[in-house]
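The values are calculated or read from the model by the stated rules, or taken from the named source; none is laboratory data. The model shown is predicted, which means the values in this text are computed figures rather than measured ones. Don't worry about glycine lacking a Cβ; one is built from the backbone with ideal geometry, like all the others, and counts go over all protein chains shown.
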Amino acid sequence: MQIKVVMAKLGLDIHWRGALVVSRMLRDEGMEVVYLGNQFPEQIVDAAIQEGADVIGLSTLGGNHLTLGPKVVEIMKAKGMDSLVIMGGVIPEDDFPLLKEAGIAEIFGPETRIEEMANFIRARVKTEIA
Amino acid sequence: MVSLSDELIEKFDQKDEVVLGKLLKEVENQTELGFELLKHKAFQKGKAHIVGITGPPGSGKSTLVGKICKSLAQKGLKIGVVCIDPTSPFTKGALLGDRVRMQELAKYPNIFIKSLATRGNLGGLAGSTADVVQVLDAFDKDIILLETVGVGQAEFDVLDISDTVVLVNVPGLGDSLQTLKAGIMEIADLYVINQSDRPGADESVKDLRMMVNESKKEDWKPPILKTIATQQEGVEELIDQIHRHKSFLRNSGQWAKIRQNRHMKRLRGVTNSYITEIVENTMRNDPLIQKRIEEVKRGEIDPFTVSNEIIRHLFQKQLTL
């Protein structure tokens with residue numbers, strides 16, 4: 001079954017190139033990627049609900065990861081949705097533990113290989129469906 | 001596997017969008033649960049006005065759909081949107097980008113957007129489109145906007161599912177001969193020249209008018225509209241014409257007829273895919289047939305003879321599933 005990813009730029013952060021490149025790469029890994037452009041957590045979760053997203057990908061290089069990232073997980077859980085939430089962009093490693101504690105499954109920095117991200121997604125989505 | 005519990009149905013009937021999203025995913029993936037839902041909701045539909053929006057890639061379909069939705073949402077209508085983008089023939093992946101053009105819709109309630117990848121389907125839609133539309137209809141949407149992939153000259157699936165077909169074109173895609181060709185140019189109930197601030201818009205309108213005036217459609221002459229979707233120009237006129245076409249369908253009795261045809265086509269489609277599945281299964285698993293297939297591969301026997309044998313073999317087995 002095809003894995004469906006909803007990919008968004010978090011909040012007002014305008015650095016969209018990375019999110020599009022990753023979307024394209026996940027497409028080439030055989031996934032269906034719905035690209036949202038810029039949205040805030042509430043709207044990202046609504047889109048994930050409507051699209052039946054297995055994965056929510058959040059891209060941010062603007063320093064809002066600690067505020068808006070956990071918010072996505074929080075709203076998602078409150079609405080009864082259980083997608084895998086991952087983040088990418090420029091995020092200091094010191095903040096990783098806080099994000100993971102908040103329910104972000106994984107954070108992928110600038111030099112991540114796409115196979116690594118795709119394999120992570122495949123493994124996690126598979127186990128969660130089973 | 002999850003089954004179609006009373007609880008799910010109840011939540012669906014209470015317009016729980018999380019449940020709708022989950023069930024639509026099942027329908028999209030054509031799972032057993034999805035089929036259960038379709039059976040259960042088969043008679044709870046037929047109210048929504050289904051508007052198909054088709055046209056070449058980049059003509060502004062998504063932007064136009066976004067603007068139409070915004071206006072309808074402000075009028076308090078409940079709206080479903082289904083947008084289709086192509087699947088890669090190489091990786092089976094897809095990049096579904098229609099939502100980017102509809103970003104401002106996120107703040108309106110009562111708009112439910114579902115993106116589908118074609119997954120190998122060729123007629124401009126995804127295989128599950130009709131079913132997804134049916135579920136949105138059963139969810140009490142007033143209007144469902146169905147946006148096809150960017151099309152060329154011969155993608156007509158949108159006709160089978162829509163009440164009103166809108167063809168979105170842009171100026172400068174060829175001379176008047178192009179408008180006279182059979183195919184996509186014939187199927188529309190409404191023609192839109194979008195991006196009409198670009199040169200050649202009036203010529204495009206003129207060519208279309210000539211084509212429409214000479215067509216044999218007597219009872220409904222398709223209107224031709226100019227829009228600039230990015231600036232919301234011409235969108236209200238387009239909505240008026242969409243409503244006018246709905247009234248025409250209602251008053252002329254075609255509304256019911258379209259639905260009858262749709263049900264029949266659906267029956268045919270479902271039956272065909274069942275048969276295809278049975279045939280595929282037999283070709284894969286039956287040792288006798290396998291042997292004959294090998295002979296066809298090596299060119300020792302013609303495909304017509306063996307095809308006949310497969311069909312006869314299936315009827316002897318009485319097509320047991």
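Within region B:114-126, being buried (at least 24 other Cβ atoms within 10 Å of the Cβ) and either at the interface with chain A (Cβ under 10 Å from one of its Cβ atoms) or farther than 14 Å from residue B:148 by Cβ (or both) holds for B:114, B:115, B:116, B:117. Do we have any residue at all in region B:230-248 that's more than 24 Å from the chain's Cα centre (by Cα) and part of a strand (DSSP E or B)? Yes, the conditions are met somewhere in region B:230-248. Exactly one residue out of A:68, A:61 is buried (at least 18 other Cβ atoms within 10 Å of the Cβ), modelled with pLDDT under 95 and touching a Pro at 6+ places or on another chain (Cβ under 6 Å), and it is A:68.
Scanning region A:3-51 for residues that are surrounded by fewer than 22 Cβ atoms within 10 Å (Cβ to Cβ), facing chain B (nearest Cβ under 7 Å) and part of a loop (DSSP other than H, G, I, E, B) gives A:29, A:30.
Residue check: residue B:26 meets all listed conditions (1) surrounded by fewer than 21 Cβ atoms within 10 Å (Cβ to Cβ); (2) within 13 Å of chain A (Cβ to nearest Cβ) but one, namely (1).
Across region B:32-65, the qualifying residues are those that are part of a helix (DSSP H, G or I) and in contact with a strand residue (DSSP E or B) (Cβ under 9 Å, 6 or more places away or on another chain), and the one among them that is surrounded by the fewest Cβ atoms within 10 Å (Cβ to Cβ) is B:62. Within region B:73-94, the set of residues being more than 24 Å from residue B:239 (Cα to Cα), facing chain A (nearest Cβ under 10 Å) and in contact with a Ser or Thr (Cβ under 6 Å, 6 or more places away or on another chain) comprises B:87, B:94.
Is it the case, given these coordinates, that residue B:252 is touching a residue at least 24 places away in the same chain (Cβ under 8 Å), exposed (fewer than 14 other Cβ atoms within 10 Å of the Cβ) and under 18 Å from residue B:217 (Cβ atoms)? Can you show your working first?
On the way: touching a residue at least 24 places away in the same chain (Cβ under 8 Å): yes; exposed (fewer than 14 other Cβ atoms within 10 Å of the Cβ): yes; under 18 Å from residue B:217 (Cβ atoms): yes.
Considered against the rule, which asks whether it is touching a residue at least 24 places away in the same chain (Cβ under 8 Å), exposed (fewer than 14 other Cβ atoms within 10 Å of the Cβ) and under 18 Å from residue B:217 (Cβ atoms), residue B:252 comes out as yes.
Given the structure, is residue A:124 exposed (fewer than 15 other Cβ atoms within 10 Å of the Cβ) and among the charged types (D, E, K, R)? No; evaluated as a whole, the condition is false for this residue.
In summary, residue A:80 fulfils each of the numbered conditions (1) facing another protein chain (nearest Cβ under 10 Å); (2) modelled with pLDDT of 95 or more; (3) surrounded by fewer than 16 Cβ atoms within 10 Å (Cβ to Cβ) with the single exception of condition (2).
Among the residues in region B:97-108, are any assigned to a loop (DSSP other than H, G, I, E, B) and within 14 Å of chain A (Cβ to nearest Cβ)?
Checking region B:97-108: at least one residue is assigned to a loop (DSSP other than H, G, I, E, B) and within 14 Å of chain A (Cβ to nearest Cβ).
Which residue is farthest from residue B:72 (Cα to Cα), if the candidates are limited to region B:14-62 and must be of a type in the set (Asp, Glu) and in contact (Cβ under 8 Å) with a residue 40 or more places away in the chain? Applying the filter and picking the extreme gives B:28.
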